[in-house]
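Just below is one structure, and these are the notes that go with it.
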Amino acid sequence: MELIINILSLVGSLALFLFGMKTMSEGLEKFAGDRLRSILAAMTRNRVTGVLTGILITALIQSSSATTVMVVSFVNAGLMTLAQSIGVIMGANIGTTVTAWIISAVGFKVNIAAFAIPMLAIGMPLIFSGKGNRKSIGEFIFGFSFLFMGLSFLQEAATAMNIGDMVAGMLAHVPQDSFFTILLFVIVGALVTMIVQASAATMAITLMLFGMNIEGFGFEQAAALAMGQNIGTTITAFMASLTANTQARRAALAHMFFNVFGVVLFLIVFYPACDAVSWFVDNVMGGGNDLFKLSAFHTAFNIINTLLLIGFVKQIEMLVCKALPMKVQDEDYRLKFISGGLLSTAELSIIEAQKEIHHFAERCQRMFGFVPELMKIHDEVEFNKLFSRIVKYENITDSMEMEIGSYLNKVSEGRLSDASKSKIQKMLRQISELESIGDSVYNLGRTLNRHRMHCHDAFTAEQTQHMNTMLHLVEGSLAEMMKRIDQPTTKNNITTSINIEHEINNYRKQLRNKNLQDVNAGLYSYQLGVFYIDFISECERLADYVMNVLEAGKRLNNDYEERTFNGQG
């Protein structure tokens, strides 16, 4: 029974460590918000600043996995090129070594848990604050406290279980001076990190074991475990990229290639590298505890690997592009920027969703472009072929609304700032209106199809001219929507759209009145007039949906806005 309790205590301590790291990371990301995104976007213009950015971000959020998944997300969303992502990934590997240095300095010498609990008292009023920034700082403090409490409890649980004696017993059957043993530790480090999904946690365990002075587990064996962790940590980004686009998968592959290359290189010069690090710590750093040697090796490994490969970013890009060639895109439905398996952090996932909504709008605009073509076709086979494409696109818009909406619901389950919650509400409204645009375009195509099948009279030259004029106005409305869809809505920046909408409404009323006069005058049949006005009215409805997309999340204080939001013409 005591053994079971000790095992559960060990696992629970590790869970507290991981939860603390996750909470601390999320709190900082929420506090930084758009600033963190801006840093990544602005500081990756060349490979050197990309590396420095990766170091900075990872040192702050204390998780190379979070940084690399974030980078994969940005590549997937088209916010970062593959070459830029490679530089940031290199820097992330260096930044993650900060965790090892912190643990080496204070983790096992000072009872950090004793300081962690008073820190919770500081964080508690902040976490219950109504202001988003204060709440995020409180979450960061809580995460930091949980992380070191978990570390302290981990050491206590390991001591209670006599982990040192157990590991020494297992190592007694392993040859100590064999290079095969070094390879075995590399593999073990990789596997454990893959399971735990956090190299910082595995590094903490390695430092703890190394600090116990276990017979058969010296500096070289610990260094081999640390190298294995660099391979294991790549699995997080790789898994995140499985359902992403090709560029994102290439970024994850580049991360894996970079770390595997470094391990292979260091294995070739493993023993001289260990001796060099030991000499450096003893003679240059003035000694210190043995944990410094392991932290120094971990840092040297990543810095040297980065210095060797930073000049070959283009070659790495060519290699991963050749390994993962771009697939030819067809019209089959597939989300371009987001997928169910790619959720890095709730805040950053909003960027992916916004990119996907922009892509959704582009698809609706492309779908609308089929309607003028459909009006010009007289051949039945060609007409049916193009109308089938409109039907297919309408099904695609339905699927996109469902998939993006489901994704946003998943994002909303995460811890979000008030501003991000507001953005999600706006985006949900946008996708609903975009799907209505798809329905409206389909209705235009269906009206033309029903006219062809059930009416023997062709549209008159004047009717055709009016229909084309209306289509031209709606096309202009869609073009304005594409310019503004990613921007905050203000009355000034959608003045053009409002003017077009007024023009469409007035034109629809004018044509409706003229149609009654022409039918009464016997210029064409009542049935032809019905199809004609159905087409004109659907164009006006489509323009209303376009305005609703722009107005999503922000109401204008005038009668026009009220009418638009109620879907009235």
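Descriptive notes on the structure:
- Within the range 277-323, tally of residues that are loosely packed, with under 14 Cβ neighbours inside 10 Å, at pLDDT below 85 and either polar (S, T, N, Q) or touching a Ser or Thr at 6+ places or on another chain (Cβ under 7 Å) (or both): 1
- Those residues of the range 451-489 which are under 44 Å from the mean Cα position of the chain (by Cα) and open to solvent by 60 Å² or more (accessible area, probe 1.4 Å), in sequence order: Asn468, His472, Glu475, Lys483, Arg484, Asp486, Gln487, Pro488
- Meets criteria (part of a helix (DSSP H, G or I), in contact with an Asp or Glu (Cβ under 9 Å, 6 or more places away or on another chain) and under 30 Å from Gln463 (Cα atoms)) for Glu394: yes
- His502 being surrounded by fewer than 22 Cβ atoms within 10 Å (Cβ to Cβ), touching a helix residue (DSSP H, G or I) at 6+ places or on another chain (Cβ under 7 Å) and assigned to a helix (DSSP H, G or I): no
- Residue check, Gln425 in contact with a Gly (Cβ under 7 Å, 6 or more places away or on another chain), at negative phi and open to solvent by 20 Å² or more (accessible area, probe 1.4 Å): yes
- Qualifying residues in the range 360-385 (those that are in contact with a helix residue (DSSP H, G or I) (Cβ under 9 Å, 6 or more places away or on another chain), open to solvent by 20 Å² or more (accessible area, probe 1.4 Å) and in a helix (DSSP H, G or I)) - the one farthest from Ser432 (Cα to Cα): Glu380
- Among the residues of the range 391-414, just one is surrounded by 14 or more Cβ atoms within 10 Å (Cβ to Cβ), within 17 Å of the chain's Cα centre (by Cα) and among the acidic types (Asp, Glu), namely Glu403.
- Residue within the range 4-13 that is under 24 Å from Cys321 (Cα atoms) and either surrounded by fewer than 20 Cβ atoms within 10 Å (Cβ to Cβ) or at pLDDT 80 or above (or both) present: no
- Cβ-Cβ under 6 Å pairs, at least 6 apart or on other chains, the range 274-285 side closer than 18 Å to Ala222 by Cα, far side hydrophobic (A, V, I, L, M, F, W, C) and at pLDDT 85 or above: Cys274/Ala223; Val277/Ala296; Val277/Phe297; Val277/Ala300; Val281/Ala296
- Which listed residue is open to solvent by 20 Å² or more (accessible area, probe 1.4 Å) and within 21 Å of Asp486 (Cβ to Cβ), from Ser388, Ser417: Ser417
- Scanning the range 26-48 for any residue that is among the polar types (S, T, N, Q), open to solvent by less than 50 Å² (accessible area, probe 1.4 Å) and at pLDDT 70 or above turns up nothing.
- Pairs with Cβ under 9 Å, 6+ apart, first in the range 45-59 and under 14 Å from Phe312 (Cβ atoms), second β-branched (Val, Ile, Thr) and open to solvent by 50 Å² or more (accessible area, probe 1.4 Å): none
The values are calculated or read from the model by the stated rules, or taken from the named source; none is laboratory data. Note that the coordinates shown come from a computational prediction; the quantities given were computed from them, not determined experimentally. Every residue, glycine among them, receives a Cβ derived from its backbone with ideal geometry; neighbour counts consider all protein chains shown. Only protein heavy atoms, including side chains, enter the accessible area calculation; ligands, DNA and RNA are left aside. Shrake-Rupley method; radii C 1.70, N 1.55, O 1.52, S 1.80 Å.
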